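Chemist: Please find one structure pasted underneath; my questions will follow.
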Amino acid sequence: MRLVSLLFLFIIFSSCDGPEPRKPVQTKSGSFFKESIERSRKLLEAEESKIQDIIKLDSLKHYSHSASGSWYHYLNVNEESEYTPKTGDLVVFNYDILTLDNDTIYSKEDIGVITYKVNKQELFLGLRDAVKMLKVNERATFLFPSSIAFGYHGDENKIGSNIPLKSTITILQIEKQEDNTVN
């Protein structure tokens, strides 16, 4: 009887395998990602071409290319200051947002005056980088490819998907944080 019980328990425990994993119905290659990268590359090329056309037509102004990918020119330069905003500084500024064809999306009056804690609050990538390039009382116009503007999602209001933008930014005040002051 004891042998039969042990045999019975052995059969029960040895036949209980865990659930067998299911095989995927379809395996995916990287084709979706490759196609997405190719679409993004072509979009950026088209936007850069349009930006270059604008720069050629605006030959009276000297445009520079930023490390983040925007193009810009100064309208007001502050020769008296060397300080540009650092992480944690409070920057008071205003800006507008236009299409590359100069159609106003948001005027500076629509947006109002912004008080921004550098790198601690949300702004679109191009604007975040632009603010850090300008000194107090400087004003510059930036041309942003959509990839550093509002990208694929837009702003879910007036700015649609993949729209390159133009923006004139004026720095009104920079309040240095104590850890950013030079002794």
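Chemist: Is it the case that LYS50 is open to solvent by 100 Å² or more (accessible area, probe 1.4 Å) and modelled with pLDDT of 65 or more?
Modeler: When the stated conditions are applied, LYS50 does not pass them.
Chemist: In addition: Search segment 80-135 for residues being hydroxyl-bearing (Ser, Thr, Tyr) and not in a strand (DSSP E or B), and hand back the single one that is most open to solvent (accessible area, probe 1.4 Å).
Modeler: Step by step, filter segment 80-135, then rank; the result is THR87.
Chemist: Looking at SER147 and the list (1) of a type in the set (Gly, Ala, Ser); (2) surrounded by 14 or more Cβ atoms within 10 Å (Cβ to Cβ); (3) closer than 25 Å to LEU60 by Cα, which single condition is not satisfied?
Modeler: (3) is the only condition that SER147 fails.
Chemist: Kindly establish whether THR168 is modelled with pLDDT of 95 or more, buried (at least 16 other Cβ atoms within 10 Å of the Cβ) and within 30 Å of LEU57 (Cβ to Cβ).
Modeler: The answer is yes for THR168.
Chemist: Name the residue, out of LEU44, LEU57, that is open to solvent by 100 Å² or more (accessible area, probe 1.4 Å), of a type in the set (A, V, I, L, M, F, W, C) and modelled with pLDDT of 65 or more.
Modeler: When all the criteria are applied, what remains is LEU57.
Chemist: Out of all the residues in segment 41-79, which are within 22 Å of PHE124 (Cβ to Cβ) and assigned to a loop (DSSP other than H, G, I, E, B)?
Modeler: Hits for segment 41-79 are TYR63, SER66, ALA67, SER68, GLY69, SER70.
The values are calculated or read from the model by the stated rules, or taken from the named source; none is laboratory data. From a predicted model like this one, the values you see are computed outputs, not experimental measurements. A quick note on method: Cβ atoms are made from the backbone with ideal geometry, for glycine too, and the neighbour counts reach across all protein chains shown. We work out accessible area using only protein heavy atoms, side chains counted, and drop any ligands, DNA or RNA first. Shrake-Rupley method; radii C 1.70, N 1.55, O 1.52, S 1.80 Å.
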